[in-house]
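Below: one structure, written as structure tokens.
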Amino acid sequence: MLVISPIFNAMMRSKSSVILIILQIALTIAIVSNAAYIIHERINVMQRDTGIPEAQIIKTHMYFYDEDVDIIKQLALDAQQVKTIPGVIEASAINAIPLSDSGSSWMLRNQLENNGAISTSAGAFLGDYNVVSALGQKVSRGRNFRPDDMVYRTKGDEVPQVTIITQALADLLFPSQEALGQTLYSLDIPIKIIGIVDRMYGPWVHFNMVERNMFIPMLSDRKNYRFSVIVEEDKVDRVLSELNDFLLRLEGRRVINHTMTVAQLKDSSYQNDRLMTNMLFVIITVLVFITALGIAGMTIFNVNRRQKQIGTRRALGASKGDIISYFMTESAIISVIGIALGVITAFVLNNYLMSYFNSAALEFSYIAGTIASIVVVVIVSVLVPARKASLISPAIATRSV
Amino acid sequence: MFTYYIKLAFKSLKKTPFSTSLMILAIACGIGISMTALTLNHVRSADPIPEKSGQLFSLQLQASGKHSTWQTSDNVPLQVTYQDATNIMRTLPEYKHTPMFKTGYAVRSSDPKFAPLIHSARVTNRHFFSMFNITFLYGSVWSEKVDENPANLVVISEELNQKLFGGGDNTGEKIYLDKEAFRIVGIINPWAPSPNYYDLNNGVFVDPEHVFIPFSLSAITELNSWGNNNGWKEEAIHTYQAKLTSENLWLQYWFELPNKEAYEHVKQHLTGYVAQQKKLGRFERDDARSVLRNVKEWLAYNNVVGDDSNVLVGVSFLFLSVCLVNTIGLLLAKFLRSAPNVGVRRALGASKEQVFSQHLVEVGVLGLLGGLLGLVFAQVGLILLKTHFDGYDVLATMDLTMLLSAPIIAVVATVLAGIYPAWRVCTTLPSIYLKTQ
């Protein structure tokens, strides 16, 4: 306790450099804690369980340009033939692919009467009767589709009869009762829920409806189709390389492209999040490094400037440890002020981010973590020059200049 | 004098290699990162058609249901219905305006061996080309008549012309869009607005279409929309005809209004149209209205720059400020250490101003070196972006403005940071140091 007051007084004699270090520590804490928190949020978003075996599902896009092709027949034939490729578990034509940012959504109600109904939109996956398994899903309650559930829309007014929905959609539409066996309504069309799958993400990964999805056993003669194939893990690369040619051999009057795994697709859907985390990560790393060098540089300067005083203290009997603890105490005082200011700045910055960019409220643990690492950085970057200072010979006190 | 100061600056910087390289490195890191973020932001917020961005207006109509909500800041839907588009298209012949939407085809040449290409196509009327400053390499747009009496005519891009025919004037040639034959009337020069403002539904930095066909074809050939189709009303739409008369929102609509009078006139006309539709009972809302936004307003409204990009610029400039604070500290240390020298110089007759400007020149040199190294860092950052992220080719490229602004920002920022240390050193009293010497 005794040593603090002379240290403090000495500090007050070079106010500007002290203020600069305080400022640097405060800004570093504010930036690092906020950036780390944004990184954490984004990583959480990217790592959410999509409920889909992404690496095992190959998707492709097909476009029938010749009206003479019987599209519905061809889609069934495709699925049947693709299943003969070694490693293919299930295949189905489908209207949209999960995590792709493109698809169709249906407005649904839990009762026919509009008044008082719970309504929501949900991602709609239309395909062959085995579409559920072609996306790697299991019907956990109820039953899967059967061939006789299929509806073929050719005139435009055939309507679906049955559906399998995700648990999230079931919970929303039927909060207080068992959804299985219930009827939901799309416009005024009643569709019976015959099965529930636990969890599957839909097309739009950045919207809150991402977990609300439904499957419909229905195919129409539209020109644009996707195709989903689930493959045994070790055969994915082989199927990926031969799928296009295989499908074209079955029917050449179409264009087939954008063939890739859903894992690759997911990567591009989350591209902006990855960009954000990577850039912020670089900023944090470089920032901590710069701050460390800056603090070390300032301490080296202080040591050099006070060489004579240090020598004098040593000559008067101060031990090496005394010299080190002098500098450590000095930096501790500076750090405490810097940290206090940093905590305030961190919250101000977070407030700004929240009000203009809808980011979440910063958790204190992030500030605490940042403080802990800044303390380590300060200790390391002061310890090295302080040790050098302690090695200054007491004889220096006797020299002039 | 200036060159002498520069010489002095280099001499002084060489004397303290450690702190000099530390300062250059700090500035370079700060400039490198903030320039990377700023370049992304700068490209995103670029004006895609500066020569007339104030004259092109997108049309929005608040024509949705009483309780409909949209993800726009003013709750007005981004697109219009086919009904409204055609109603408005037929009026105001004195101005250029056009409805449009995206469709797509398998495109083939007459050569049966040619593997068909999937291409999206823009369905629009003839004004589209002059409105958006698209120029023709060969031929021209279809005639006015075709905008009323549809014909299988097509305008294609030079890029597609290359793919189909290997280049050359192929106007008059036939191509197949799906199974239908179309005659090429015009081939346009390369055109790729960035951001792709006229239709932001499917991404901001997407390639424009390479195929353009008359809007008048849409009703008779039942062209499907490849863009967004948003319904707010519960309607059973099973036929194309039903879609055309529905309240489904799926078309974009743009006006070119060269002056204030034109704007006021059209605005007034649209107000009348909204009132008329309200009377007919189609527009239900009390706040039914038309909204016209010029290109810059439209881009801002659609948040084309993106929150992430803004946050990154903010954070990287905060980062730059830490680097500068760091530099101030190091400069202060360095300058004060050279105070004895300054004392001698002052005693020998150097004025305060001379000492001050000499030190500022030194700081400026430091800033320039840091800025140049920072530019290298930024280029590395942008190259990394291009190689690790798809679709960043256009985005992650520095234009001349950015290349020049990096060293300028660096020098200005460093000189500002250096003012205080330079001032401190020039106010030292010569006598103090002379005494101890």
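The values are calculated or read from the model by the stated rules, or taken from the named source; none is laboratory data. Source: prediction; values computed, not measured. Cβ sites come from the backbone with ideal geometry, for glycine too, and all protein chains shown count toward neighbours. We work out accessible area using only protein heavy atoms, side chains counted, and drop any ligands, DNA or RNA first. Shrake-Rupley method; radii C 1.70, N 1.55, O 1.52, S 1.80 Å.
Listed values, structure above:
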{"item": "Index of the failed condition, A:GLU67 passing every other in (1) more than 10 Å from chain B (Cβ to nearest Cβ); (2) acidic (Asp, Glu); (3) outside any helix (DSSP H, G or I)", "result": "(1)"}
{"item": "Out of A:ILE19, A:ILE7, sole residue that is facing chain B (nearest Cβ under 10 Å) and either closer than 30 Å to A:PRO203 by Cβ or not in a loop (DSSP other than H, G, I, E, B) (or both)", "result": "A:ILE19"}
{"item": "The one condition in (1) more than 12 Å from chain B (Cβ to nearest Cβ); (2) crowded, with 17+ Cβ neighbours inside 10 Å that A:VAL32 fails to fulfil", "result": "(1)"}
{"item": "Test: residue in region B:174-192 that is touching a Ser or Thr at 6+ places or on another chain (Cβ under 6 Å), modelled with pLDDT of 95 or more, under 26 Å from B:SER45 (Cα atoms) and assigned to a loop (DSSP other than H, G, I, E, B)", "result": "yes"}
{"item": "Residue, nearest to A:GLU67 (Cα to Cα), within region A:268-295, restricted to residues that are at the interface with chain B (Cβ under 9 Å from one of its Cβ atoms) and not hydrophobic (A, V, I, L, M, F, W, C)", "result": "A:SER268"}
{"item": "Region B:140-159 - residue that is closer than 23 Å to B:LEU200 by Cβ and open to solvent by less than 30 Å² (accessible area, probe 1.4 Å) and, of those, nearest to the chain's Cα centre (by Cα)", "result": "B:SER157"}
{"item": "Sole exception among (1) of a type in the set (Val, Ile, Thr); (2) in a loop (DSSP other than H, G, I, E, B); (3) away from every other protein chain (no Cβ under 14 Å) for B:ILE237, by number", "result": "(3)"}
{"item": "Selection status of A:SER17, at pLDDT below 95, within 28 Å of A:LEU293 (Cβ to Cβ) and hydroxyl-bearing (Ser, Thr, Tyr)", "result": "yes"}
{"item": "Filter result for the condition that a residue is outside the structural domain of B:THR124 (by the TED database) and among the acidic types (Asp, Glu), over B:GLU284, B:GLU235", "result": "B:GLU284"}
{"item": "Hits in region A:91-124 - residues which are in a loop (DSSP other than H, G, I, E, B) and aliphatic (A, V, I, L, M)", "result": "A:ALA96, A:ILE97, A:LEU99, A:LEU112, A:ALA117, A:ILE118"}
{"item": "In region B:276-319, the residues that are basic (Lys, Arg) and either assigned to a loop (DSSP other than H, G, I, E, B) or in contact with a Gly (Cβ under 7 Å, 6 or more places away or on another chain) (or both)", "result": "B:ARG282, B:ARG285, B:ARG289"}
{"item": "Residue within region B:50-64 that is within 14 Å of another protein chain (Cβ to nearest Cβ) and either touching a strand residue (DSSP E or B) at 6+ places or on another chain (Cβ under 6 Å) or closer than 30 Å to B:ASP393 by Cα (or both) present", "result": "no"}
{"item": "Residue check for A:ARG254: charged (D, E, K, R), closer than 30 Å to A:LEU77 by Cβ, touching a residue at least 24 places away in the same chain (Cβ under 8 Å) and at the interface with chain B (Cβ under 10 Å from one of its Cβ atoms)", "result": "yes"}
{"item": "Candidates A:SER373, A:SER381, A:SER331 - the one that is among the polar types (S, T, N, Q), away from every other protein chain (no Cβ under 14 Å) and either open to solvent by less than 70 Å² (accessible area, probe 1.4 Å) or touching a Leu at 6+ places or on another chain (Cβ under 8 Å) (or both)", "result": "A:SER373"}
{"item": "Given (1) open to solvent by 10 Å² or more (accessible area, probe 1.4 Å); (2) modelled with pLDDT of 90 or more; (3) hydrophobic (A, V, I, L, M, F, W, C); (4) in a helix (DSSP H, G or I), number of the condition B:LEU366 does not satisfy", "result": "(1)"}
{"item": "Flag for B:LEU137 being open to solvent by 50 Å² or more (accessible area, probe 1.4 Å), in contact with a helix residue (DSSP H, G or I) (Cβ under 9 Å, 6 or more places away or on another chain) and farther than 25 Å from B:SER58 by Cα", "result": "yes"}
{"item": "Residue, nearest to A:THR291 (Cα to Cα), within region B:16-49, restricted to residues that are away from chain A (no Cβ under 14 Å) and either modelled with pLDDT of 95 or more or touching a helix residue (DSSP H, G or I) at 6+ places or on another chain (Cβ under 8 Å) (or both)", "result": "B:HIS42"}
{"item": "Options A:LEU287, A:LEU280, A:LEU265; residue that is touching a Leu at 6+ places or on another chain (Cβ under 7 Å), touching a residue at least 40 places away in the same chain (Cβ under 8 Å) and either more than 21 Å from A:LEU240 (Cβ to Cβ) or not in a loop (DSSP other than H, G, I, E, B) (or both)", "result": "A:LEU265"}
{"item": "Members of region B:101-117 found to be away from chain A (no Cβ under 12 Å) and at pLDDT 90 or above, listed by number", "result": "B:PHE101, B:LYS102, B:SER109"}
{"item": "Some residue of region B:208-220 being within 14 Å of chain A (Cβ to nearest Cβ) and open to solvent by less than 20 Å² (accessible area, probe 1.4 Å)", "result": "yes"}
{"item": "Single residue of B:LEU332, B:LEU395 found to be buried (at least 20 other Cβ atoms within 10 Å of the Cβ), touching a Phe, Trp or Tyr at 6+ places or on another chain (Cβ under 9 Å) and not in a helix (DSSP H, G or I)", "result": "B:LEU395"}
{"item": "Flag if B:LYS352 is open to solvent by 50 Å² or more (accessible area, probe 1.4 Å), out of contact with any strand residue (DSSP E or B) (no Cβ under 6 Å at 6 or more places or on another chain) and in the same structural domain as B:LYS14 (by the TED database)", "result": "yes"}
{"item": "Positions within region A:88-110 being open to solvent by 10 Å² or more (accessible area, probe 1.4 Å) and more than 14 Å from chain B (Cβ to nearest Cβ), in sequence order", "result": "A:VAL88, A:ILE89, A:GLU90, A:ASN110"}
{"item": "Qualifying helices (runs of 4 or more DSSP H) (wholly inside region A:291-401; at least 3 residues being among the hydrophobic types (A, V, I, L, M, F, W, C), out of contact with any Asp or Glu (no Cβ under 6 Å at 6 or more places or on another chain) and not assigned by the TED database to the domain that holds A:ARG13)", "result": "none"}
{"item": "Selection from region A:155-190 of residues that are in a strand (DSSP E or B) and open to solvent by 10 Å² or more (accessible area, probe 1.4 Å)", "result": "A:VAL162, A:THR183, A:TYR185, A:SER186, A:ILE189, A:PRO190"}
